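These notes are about the structure you will find just below.
Every number in this text was worked out from the coordinates using simple rules, so none of it is lab data. Bear in mind that the values here come from a model prediction, so they are computed numbers and not experimental data. When we count neighbours, we look across all protein chains shown, and the Cβ atoms used for this are built from the backbone with ideal geometry, even at glycine.
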Amino acid sequence: MKLFKQIFLLAFSSCIFLFSNLSAVHAHGHKGGSAEGQAAENNFLTFKVDLSPRLEKQLDGKAVEPNTPKGAMGMAVLSYDIEKANLHFFISYAGLSGEGLVMAHFHSKDKQGNPIVQTICGQPEKPGMVKDWPKTKDNQGREGLTKTCPSGNSGYLKGKWEHMEPSAIEELKTGKMNINLHTKLNMKGEIDGYITVLSQ
């Protein structure tokens, strides 16, 4: 029953965020037409993410720790403002291990592996803990969009990634970006998921 409630709350909170953003989009006017035409008229793209431990091995080559809670999960909805190059996000999660979330990032999938492209919250205890940390773009990327991570095993992250670089925008649109939530048990990441487009 507890797991069911967590799933319900995750889905409900994500739907509320998505609905509020889509309402804002339609408030600007919607005239129909092709998907590309709708994106041009509304200036928004909508994305979703399903977060789970199973993607960790695929992205990092290492599975999560054996004692990772089976119920660890999350989901996210994101709305990209084409005109302003801003990405609004709402990430909800539940059932994380130990003390819960300690770091969260946007990552890209490229020839170098799965480097961090934007910190959402938290910082490693030692800069060298994350091998690609020096490649984090600037102070905005290094310090995080929401600064500190919420405490507890369940919660949400809400914020805005402003003035995305063209390379990050292209990765977002082509499905080459993922969200990774880290815990003390799984410093490389406990739940992870690719960002996929819902509307264009």
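Couple of notes before you dig in:
- Gain in span if fully extended, K70 to H163, counting 0.36 nm per residue against the direct Cα distance: 29.8 nm
- Cα-projected label distance for K173 with K62, points at 7 Å along beta-carbon direction, nm: 3.5 nm
- Full extension of the chain between T196 and D110 yields a length gain of 29.3 nm, computed as 0.36 nm times the residue separation minus the alpha carbon distance.
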